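Encoded as structure tokens, the structure appears first; notes follow it.
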């Protein structure tokens, strides 16, 4: 059974992905008519896609404030999508691999290309890649710190006291009562969840910073191609993931 947060965000995510597909279709339409398309059309689509991504993180942060663990084990994603998560989302470094693919091997992604990147743009993106990698490492260190905190002295002592009480034993003289220990455990868990929420937001900020940094370097038309390609990757990954998941379910049912 899904929690309230899982149910609410699952519904939001389905609508969000559906809207993303509509934007990709709009991009394909522009590509077919590109000889008649003005720069303003590309700018308008960039703004729509950018706002669409902002809406995702607004909804995500609102949901995570009440149930952050739902976003570390998202039920709205397939196992394939979950396997490629980096702290509740896509890894920023992936974006630079995508830019490389769009630039060096345009045939792989069809109409959406960055074949016209200038030397100056390539240099700026390479510098951004280095800065983002440092940001990723910072987030990873903080995530490691949160994971290690699970075994700090306070948590170990609380685990020991809970185990003693469950076994029907009495804590040592001067130790907290069962009710007090439950309260301390609750506070400790809240602290851990707050730490996870903070790391999640740190990772999301790096993702947003990466998108903005790349688009600041690209022209409006290049930005549309870049956003369309990244969107198509998300959409296809979801379709492939669902296909694999349904195949596994059918195999189990037919056993």
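The values are calculated or read from the model by the stated rules, or taken from the named source; none is laboratory data. All values reported here derive from a predicted model rather than from experimental measurement. Cβ sites come from the backbone with ideal geometry, for glycine too, and all protein chains shown count toward neighbours.
From 205, 248, grab the single residue that is within 16 Å of residue 92 (Cα to Cα) and loosely packed, with under 15 Cβ neighbours inside 10 Å.
After applying the criteria, what remains is 205.
Can you report the number of residues in region 1-16 which are crowded, with 17+ Cβ neighbours inside 10 Å and either touching a residue at least 60 places away in the same chain (Cβ under 8 Å) or farther than 16 Å from residue 235 by Cα (or both)?
5
So which of 192, 161, 196 ends up being at pLDDT below 90, more than 27 Å from residue 23 (Cα to Cα) and either touching a helix residue (DSSP H, G or I) at 6+ places or on another chain (Cβ under 6 Å) or crowded, with 19+ Cβ neighbours inside 10 Å (or both)?
The conditions single out 161.
Being at pLDDT 70 or above, touching a helix residue (DSSP H, G or I) at 6+ places or on another chain (Cβ under 8 Å), closer than 19 Å to residue 203 by Cβ and not in a loop (DSSP other than H, G, I, E, B): is that true of residue 184 here?
no
Within region 134-142, identify whether any single residue is touching a helix residue (DSSP H, G or I) at 6+ places or on another chain (Cβ under 9 Å) and either over 30 Å from residue 218 (Cα atoms) or part of a loop (DSSP other than H, G, I, E, B) (or both), and answer yes or no.
Among the residues of region 134-142, at least one is touching a helix residue (DSSP H, G or I) at 6+ places or on another chain (Cβ under 9 Å) and either over 30 Å from residue 218 (Cα atoms) or part of a loop (DSSP other than H, G, I, E, B) (or both), which makes the answer yes.
Restricting attention to region 24-73, which residues are surrounded by 16 or more Cβ atoms within 10 Å (Cβ to Cβ), free of Cβ contacts under 8 Å to residues at least 60 places away in the same chain and assigned to a loop (DSSP other than H, G, I, E, B)?
Result: 37, single match.
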